Amino acid sequence: MTAAPASAERTPLEERLIALIKANGPISVADYMADALGHPHDGYYMSATPIGAEGDFTTAPEISQIFGELIGMWLVQSWIDMGEPKAFNLIELGPGRGVLMADILRAAQLRPAFLKAASIFLVETSGRLRHEQQRRLRDLSARPLWADEFSEIPPAPFLLVANEFFDCLPVRQFEKTETGWRERLIGLNEDGTALAFTRAKTPPLPGVALPENAETGAVFELCESAASLAREIAVSLVEQGGRALIIDYGHLGEGAGDTLQAVRRHAYWPVLASPGKADITAHVDFDALARAGVDAGAAAWGPTPQGVFLDRLGLQARIARLASGKPAEEVEKIIRGAHRIAAAEEMGEVFKALCLSSPALPAPPGFDAP
Ligand code: SAH
């Protein structure tokens with residue numbers, strides 16, 4: 001395990017977790033992640049400035065406006081595929097600083113009827129980020145409504161986008177030992193002064209689906225809240241009609257191992273150091289999301305690598321259009337941004353797009369027909 005760096009400070013959340021573990025015993029990795037990110041007062045997303053150059057990490061919409069513009073066109077085409085409903089919900093999960101939604105709305109100005117029909121819902125738990133979203137979207141005269149959870153949004157046909165949202169949802173971890181699977185937990189070090197990884201003494205309860213043929217030492221991650229959210233979205237897609245576009249850092253099912261990581265000021269950080277002050281994520285298991293969606297009756301498309309997806313949506317044409325008539329320095333910046341979000345060796349391959357769709361709709365733009 002990585003030792004805490006010298007700059008790691010003891011946080012109020014860490015004190016509370018240590019006291020809680022002393023009293024009640026070790027907690028799951030999922031409980032730790034949920035508290036470190038989402039604690040109403042001391043959680044990372046509530047108290048910090050996570051995103052952007054001055055924050056801890058950056059995301060595709062923050063790197064290039066083309067990302068949101070192409071997704072805006074994807075949404076408009078999806079709305080057309082749905083038969084141009086006069087009223088629909090345009091939903092974003094975890095909108096960060098509101099940059100993606102702003103780019104989407106700007107691009108969608110090409111189709112005023114789409115904007116007229118859209119009721120915008122932003123699912124965001126952080127008050128600070130809500131404030132920032134409001135400020136950014138006000139410039140576009142958008143009047144979004146906020147929700148804490150997807151389930152609070154009134155039923156209607158909908159289009160949903162989630163970029164780098166599912167990777168914040170808490171994962172449980174399991175390790176294959178000589179004596180079978182054991183849940184990985186967070187307890188205390190020997191003198192009880194710091195958080196430390198440990199293992200459950202007994203096997204997990206039946207009903208936790210763990211891979212059958214894993215080798216000793218293998219780690220398996222299970223994101224129950226991601227699967228249940230995908231299921232909930234799929235049920236609504238079947239009932240109301242629409243599409244959901246999920247983009248994230250992720251993999252396809254088993255064999256990914258331990259993907260839990262923390263990032264602070266654009267550098268890796270030990271997962272257990274200074275909880276509430278670093279971002280913690282785990283790679284998204286796209287297979288599990290697609291399976292949950294299909295089991296609930298939706299169609300699943302992809303996952304398609306982000307670079308391929310953006311290319312198919314017209315990345316090159318958009319670069320050319322944006323660059324036209326701009327000074328060389330600007331052109332260089334546009335090309336550099338597009339390269340970062342789409343090149344295979346940058347974000348183009350490890351980030352993937354998955355579409356859950358009401359089964360009645362045709363293949364969504366950017367995805368292969370089966
Ligand atoms: N989509 C943005 C930001 C990604 S960061 C972008 O691409 O830049 C993750 C976002 O999800 C933040 O806005 C964070 O506050 C929000 N978030 C994290 N966990 C959440 C939860 N359980 N419910 C609602 N929002 C959450």
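A few remarks follow.
- Scope segment 52-63; condition surrounded by fewer than 19 Cβ atoms within 10 Å (Cβ to Cβ), assigned to a loop (DSSP other than H, G, I, E, B) and near the ligand (Cβ under 9 Å from one of its atoms); matching residues: 52, 58
- For first residues located in segment 53-68 and farther than 22 Å from residue 313 by Cα, partners that are within 9 Å of the ligand (Cβ to nearest atom) and lie 6+ apart or on another chain with Cβ distances below 8 Å form the pairs 56/50; 56/279; 57/50; 57/51; 57/279; 58/51; 58/52.
- Listed by position, the strands (runs of 3 or more DSSP E) contained in segment 156-257 that have at least 2 residues being touching a residue at least 40 places away in the same chain (Cβ under 8 Å) and within 16 Å of the ligand (Cβ to nearest atom) are 158-163, 242-251.
- Qualifying residue in segment 109-121 (condition: over 25 Å from residue 39 (Cβ atoms), part of a helix (DSSP H, G or I) and near the ligand (Cβ under 10 Å from one of its atoms)): no
- Filtered residues of segment 15-51 (kept if at pLDDT 95 or above and within 14 Å of the ligand (Cβ to nearest atom)): 30, 31, 33, 34, 35, 36, 37
- Across segment 79-108, the qualifying residues are those that are closer than 30 Å to residue 44 by Cβ and out of contact with any strand residue (DSSP E or B) (no Cβ under 9 Å at 6 or more places or on another chain), and the one among them that is farthest from the ligand (Cβ to nearest atom) is 106.
- For beta carbons closer than 6 Å, sequence separation of 6+ or different chains, a first residue in segment 103-121 that is among the acidic types (Asp, Glu) and a second that is surrounded by 17 or more Cβ atoms within 10 Å (Cβ to Cβ) and assigned to a helix (DSSP H, G or I), the qualifying pairs are 103/65; 103/68; 103/69.
- Residue check for residue 83: of a type in the set (Gly, Ala, Ser), free of Cβ contacts under 8 Å to residues at least 40 places away in the same chain and closer than 18 Å to residue 341 by Cβ: no
The values are calculated or read from the model by the stated rules, or taken from the named source; none is laboratory data. Worth saying up front: this structure is predicted, and the values here are computed from it rather than measured. Positions of Cβ are backbone-derived with ideal geometry, glycine not excepted, and every protein chain shown enters the neighbour counts.
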